[in-house]
Amino acid sequence: MILTDGQQLHARGLRLEPADERGDVGQAGATDTLVDLLIATAHRINARADTKVTGDFVAELKRVSGKENILFKMTEAALGSPESRGEDVIYPAVPGGYRTLVQLLHEYKAKGTSYRQHKQRVFKASYTNHYRTGLIQILEVLEFGSTNTVHAPMVQALTLIKRYKAEQSNRVKCYALGESVPVEGIVPAELVELMYRADSTKRQRILRTVYECGVFQTLREKLRCKEIWVVGADRWRAPTTTCRRTSRTGGPRTTPNSANRWIRRRSSTSSGTRWTPNCRR
């Protein structure tokens with residue numbers, strides 16, 4: 001997701017509008033816009049991955065001879081006798097009975113993937129190839145916080161991503177040995193197995209791109225639950241703060257911050273257009 005001038009954004013209704021229709025983008029409004037974009041993009045990647053993986057699994061089921069028929073017979077038998085024991089209903093309905101089901105299970109495990117793991121691989125590929133640059137650009141101009149120490153590891157993870165972006169090249173694939181990298185509660189379980197890679201000395205290293213995937217997925221949920229908030233935002237502000245004040249004219253204040261400057265920089269050469277939100281809460 002490289003945010004080019006004049007690019008139409010369909011994620012949750014974000015769009016470009018002429019600057020003279022909206023006036024200056026206020027501090028909180030600009031920050032809210034970027035948070036909306038971050039959340040919508042993470043959701044969009046996840047939804048696309050879900051659709052692709054579902055299609056892949058259905059296609060695989062249809063390609064393997066007999067599996068679709070076995071599934072149908074098992075379902076028909078189970079629904080026909082819902083109160084009976086599984087071994088009395090399912091096994092007789094399957095050609096080969098228990099042994100066939102064991103063979104199917106072994107074949108499934110031999111493929112080395114589950115639905116969720118496959119989905120995470122697709123998510124990672126989409127994120128790495130297209131969305132990474134734009135999401136980290138947004139991350140760099142936002143400041144996150146939490147009033148609950150339980151969520152402090154998420155704030156630490158976001159700080160880590162920002163620091164490596166500023167100090168390291170994208171060619172550095174892994175975090176340094178000894179680096180404090182919060183994982184528990186930050187990276188989804190099905191993504192953890194994809195996150196580690198052994199180096200030349202057989203030591204386990206954490207891949208930056210996979211880690212970032214997990215952080216953005218979890219961040220989206222924590223933002224929506226108000227467990228993590230954004231400094232200078234309005235709708236995404238800390239739950240304990242009051243609604244931001246307005247100017248004497250009734251409109252929002254327009255003191256620029258880093259989010260405001262980011263939006264203006266991305267839109268300055270786009271025929272007088274600026275980012276404005278058109279989102280449902």
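Things worth noting here:
- Peptide ranges 33-39, 191-197 listed from the most packed, as the mean C-beta count within 10 angstrom indicates: 33-39, 191-197
- Additional length obtainable on full extension of the chain from H43 to R197, 0.36 nm per residue less Cα span: 52.8 nm
- Rough spin-label spacing in nm, given labels placed 7 Å along Cα→Cβ, for Q137 and R85: 6.3
- The order of the peptides 158-171, 125-138 by mean Cβ neighbours within 10 Å, most packed first, is 125-138, 158-171.
- Fully extended contour minus Cα-Cα distance, from E167 to R99, at 0.36 nm per residue: 18.9 nm
- Amide H to amide H distances under 5 Å link Y175 with I206, R208, where only residues 5 or more positions off or on other chains count and H is placed in the peptide plane.
- Ranked by the mean number of other Cβ atoms within 10 Å per residue, highest first, peptides 221-234, 204-217 order as 204-217, 221-234.
Coordinate-derived values only; no laboratory data. Model, not experiment: these values are computed from the prediction. Ideal geometry is used to build each Cβ from the backbone, glycine not excepted, and the neighbour counts take in all protein chains shown.
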